[in-house]
1. Can you list residue pairs whose Cβ atoms sit under 6 Å apart, with the first residue in the stretch 72-86 being closer than 14 Å to Ala102 by Cβ and in contact (Cβ under 8 Å) with a residue 12 or more places away in the chain and the second being within 13 Å of the ligand (Cβ to nearest atom) and in a helix (DSSP H, G or I)? Count only pairs 6 or more apart in sequence or on different chains.
2. With (1) free of Cβ contacts under 8 Å to residues at least 24 places away in the same chain; (2) out of contact with any Leu (no Cβ under 9 Å at 6 or more places or on another chain) as the list, and Phe124 as the residue in question, which single condition is left unmet?
3. Of the residues Asn38, Asn63, Asn70, which single one is polar (S, T, N, Q) and touching a Phe, Trp or Tyr at 6+ places or on another chain (Cβ under 8 Å)?
4. Which of the residues that make up the stretch 1-33 are assigned to a loop (DSSP other than H, G, I, E, B), at pLDDT 95 or above and away from the ligand (no atom under 15 Å from the Cβ)?
5. Does at least one position in the stretch 30-48 carry a residue that is of a type in the set (Gly, Ala, Ser), in contact (Cβ under 8 Å) with a residue 40 or more places away in the chain and under 27 Å from Lys131 (Cβ atoms)?
6. Condition check: in a loop (DSSP other than H, G, I, E, B) and touching a residue at least 12 places away in the same chain (Cβ under 8 Å). Does Pro62 satisfy that?
7. For residues that are out of contact with any Leu (no Cβ under 6 Å at 6 or more places or on another chain), of a type in the set (Gly, Ala, Ser) and either closer than 24 Å to Glu110 by Cβ or surrounded by fewer than 16 Cβ atoms within 10 Å (Cβ to Cβ) (or both), tally how many sit in the stretch 1-50.
8. Please verify whether the stretch 51-66 includes one or more residues that are more than 13 Å from the ligand (Cβ to nearest atom), under 13 Å from the mean Cα position of the chain (by Cα) and surrounded by fewer than 18 Cβ atoms within 10 Å (Cβ to Cβ).
Amino acid sequence: MTKVVCPGSFDPVTNGHLDIIERASRLFDEVVVAVLVNESKKGLFTIDERLELLDRATSDLPNVSTASFNGLLVDFCTDNGISAIVKGLRAVTDFDYELQMAQMNGSLTEVDTLFIPTTPEYSFLASSLVKEVAKHGGDVSRLVPDFVLTDLKAKYA
Ligand code: PNS
């Protein structure tokens with residue numbers, strides 16, 4: 001049985017994240033979506049809020065679960081019997097950093113990293129940009145699930 005992780009900040013989850021999570025769920029037996037708890041970076045959404053939004057967004061995917069982690073991703077993988085990290089690649093600009101992380105993680109353990117190319121319609125999509133546009137009243141309705149949109153509007157009301 002192949003268990004993989006889709007790690008990230010997910011502040012908040014976007015349709016771009018969901019594209020990768022859904023495709024990973026078709027390829028692997030079990031997918032854990034893991035939210036990094038980063039003490040030094042205060043996000044817009046709390047970790048619990050991010051997990052709640054992710055749970056709602058993936059409720060139709062029975063082999064997907066959510067969790068949070070702190071410390072090293074490879075330690076989370078080892079502790080949870082996860083054999084691979086799945087990441088989306090939006091553009092070549094992602095590649096340098098993602099390759100570096102994949103190689104560092106590979107040097108620490110046997111956990112491998114697999115890249116899935118993002119669907120082109122989401123290649124520009126990032127949670128940080130969604131927040132910036134939403135903050136100034138721009139339309140992000142095509143970029144996030146409805147309930148994320150509602151919560152974003154509430155945060156910036
Ligand atoms: O959504 P993000 O912020 O791009 O996700 C980055 C994330 C969480 C995947 C990455 O920062 C990470 O794995 N952090 C955990 C700490 C760690 O293992 N660092 C070593 C990476 S080589």
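1. Listed by first residue and then by second, the contacts come to Val74/Asn105; Val74/Leu108.
2. Checking Phe124 against (1) free of Cβ contacts under 8 Å to residues at least 24 places away in the same chain; (2) out of contact with any Leu (no Cβ under 9 Å at 6 or more places or on another chain), the one that fails is (1).
3. Numbers: Asn38 fails: touching a Phe, Trp or Tyr at 6+ places or on another chain (Cβ under 8 Å); Asn70 fails: touching a Phe, Trp or Tyr at 6+ places or on another chain (Cβ under 8 Å).
Of Asn38, Asn63, Asn70, the one residue that is polar (S, T, N, Q) and touching a Phe, Trp or Tyr at 6+ places or on another chain (Cβ under 8 Å) is Asn63.
4. If the condition is that a residue be assigned to a loop (DSSP other than H, G, I, E, B), at pLDDT 95 or above and away from the ligand (no atom under 15 Å from the Cβ), then Thr2, Phe28, Asp29 are the ones that fit.
5. yes
6. So Pro62 does not fit the description; no.
7. Qualifying residue count, the stretch 1-50: 4.
8. Yes; the residues of the stretch 51-66 include at least one that is more than 13 Å from the ligand (Cβ to nearest atom), under 13 Å from the mean Cα position of the chain (by Cα) and surrounded by fewer than 18 Cβ atoms within 10 Å (Cβ to Cβ).
The values are calculated or read from the model by the stated rules, or taken from the named source; none is laboratory data. Remember, predicted model here, so these are calculated numbers, not experimental data. Cβ atoms come from the backbone with ideal geometry, glycine included; neighbour counts cover every protein chain shown.
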